[in-house]
Amino acid sequence: LTDAEFVIMRMHVVDGADEVKVRLSDRREFVAKVVGTDKRTDVALLRIEAKDLPKVTVGDPDKLKVGEWVVAIGKPFGLENTMTAGIVSAKGRDLPQENLVPYIQTDAAVNPGNSGGPLFNLRGEVVGINSMIFSRTGGYMGLSFAIPIDIAMSTVAQLKEKGKVTRGR
């Protein structure tokens, strides 16, 4: 996801990195500065010096319906620009040891390398960020989870403004 010179990424992908590079599908590559990260949502905000960045339309995850088709895009196992389709299995899913993010559960195939890719509805709007899977083997077993885009964008707004996220108790 991009917004002007900002790129949203999963925090665990950049955590502890000495240098972060962002490579776009058009093969342009940029060195990025980490503006801020949030461990609870696993969201990082990066800044790159670039022009003419691709943009996406942000959708409303509240309008997403269980049973609705979605598409997950990513780079599983290093295979660039991979798209998988599935349906929304549940919304507002709480996961063990996680009480902050009401995940979107889908059956779209998400594998290592898909993490951080967009989850689109069939109107071409980003409704989530592919986040994790439940697996006993390390590979996809039919359950994948995405962070609702409104939660990610709220996190991004705070990172842009303050460089950190604050929450009430």
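Here are a few things to note about the model shown:
- Share of carbon and sulfur in the accessible heavy-atom surface of the range 106-169 [1.4 Å probe, %]: 53
- Relative to the longest principal axis of the Cα atoms of the chain, helix 149-162 runs at roughly 20 degrees.
- Here the Kirkwood formula puts the hydrodynamic radius of the range 93-169 at 13.5 Å, using every distinct Cα pair.
- Of Lys21/Lys51; Lys39/Lys65; Lys65/Lys91; Lys63/Lys91, pairs whose Cα-Cα distance is over 18 Å: Lys39/Lys65
- Extents of the range 21-156, taken as max minus min of Cα coordinates on every principal axis and listed largest first, are 38, 31, 29 Å.
- For the range 66-119, alpha-carbon Rg over 2.2 N^0.38 Å: 1.18
- Average silhouette area of the range 1-85, convex hull of alpha-carbon atoms, in square nanometres: 7.0
- Taken per residue, the accessible surface of the chain reaches 56 Å², heavy atoms only and a 1.4 Å probe.
- Largest to smallest accessible area among Lys21, Lys91, Lys55, Lys39 [probe 1.4 Å]: Lys39, Lys55, Lys21, Lys91
- Whether the range 6-54 is rounded, prolate or oblate, judged on the alpha carbon gyration tensor where a/c under 1.5 counts as rounded: prolate
- Full extension of the chain segment joining Ala85 with Lys33 gains 15.5 nm, where the gain is 0.36 nm per residue of separation less the Cα-Cα distance.
- Carbon/sulfur fraction of accessible area - the range 1-73, other protein chains in place, 1.4 Å, %: 49
- The mean sequence separation of alpha-carbon pairs under 8 Å and at least six residues apart, normalised by the residue count of the range 1-142, gives a relative contact order of 20 percent.
The values are calculated or read from the model by the stated rules, or taken from the named source; none is laboratory data. As the structure is a computational prediction, the values presented were derived from the model and not from experiment. Protein only, heavy atoms only, side chains kept; ligands, DNA and RNA dropped before computing areas. Shrake-Rupley method; radii C 1.70, N 1.55, O 1.52, S 1.80 Å.
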